Amino acid sequence: MAVMKTVTLIGKPGCHLCDDARAVVSEVCAQLGARWEEKDITQDEELYRRYWEQIPVVLVDGAQHDFWRVDPRRLRAALEG
């Protein structure tokens, strides 16, 4: 059995691109049974420093996968691969 990967969505409240990314991430993860979490850059100084110009940022198992717009096909391929 394949080991499930973890998706992390990094964003902030009031960000419409983050809302769009959340919808894609939650849908793809639900379809594949993958675990996902969300982190708020306004609550984490290090995440803010690293990603404030790129949010939303999607990590797969801690490695940056996408930013600004999340492609559901690309995310699915990363989770299935």
Matching residues, the range 70-81, being out of contact with any strand residue (DSSP E or B) (no Cβ under 9 Å at 6 or more places or on another chain) and modelled with pLDDT of 95 or more: 71, 72, 73, 76, 77
Can you find, within the range 1-12, the residue that is nearest to residue 69 (Cα to Cα) among those that are open to solvent by 40 Å² or more (accessible area, probe 1.4 Å) and either of a type in the set (A, V, I, L, M, F, W, C) or modelled with pLDDT of 95 or more (or both)? 12
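Which residues, taken from the range 16-52, are open to solvent by 20 Å² or more (accessible area, probe 1.4 Å), more than 27 Å from residue 81 (Cα to Cα) and modelled with pLDDT of 95 or more? Step through it out loud before you land on a result.
Pass one, the range 16-52, residues open to solvent by 20 Å² or more (accessible area, probe 1.4 Å): 16-17, 19-20, 22-24, 26-27, 30-33, 35-40, 42-50, 52.
From the residues that got through so far, the ones that are more than 27 Å from residue 81 (Cα to Cα) too are 16, 40, 42-46, 48-49, 52.
Passing the criteria: 16, 40, 42, 43, 44, 45, 46, 48, 49.
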Inside the range 36-81, can you point out the residues that are touching a Cys at 6+ places or on another chain (Cβ under 7 Å) and part of a loop (DSSP other than H, G, I, E, B)? 55, 56
Cross-chain or 6+ apart pairs with Cβ under 6 Å, the range 60-81 first and open to solvent by 80 Å² or more (accessible area, probe 1.4 Å), then at pLDDT 95 or above and not in a helix (DSSP H, G or I): 61/6
Name the residues in the range 1-30 that are touching a residue at least 12 places away in the same chain (Cβ under 8 Å) and part of a helix (DSSP H, G or I), would you? 17, 18, 20, 21, 22, 24, 25, 27, 28, 29
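The values are calculated or read from the model by the stated rules, or taken from the named source; none is laboratory data. Predicted model, so just to flag it, every value in this text is computed and none were measured. Backbone-built Cβ (ideal geometry, glycine too); neighbour counts: all protein chains shown. Ligands, DNA and RNA are excluded from the accessible area calculation, which covers all protein heavy atoms including side chains. Shrake-Rupley method; radii C 1.70, N 1.55, O 1.52, S 1.80 Å.
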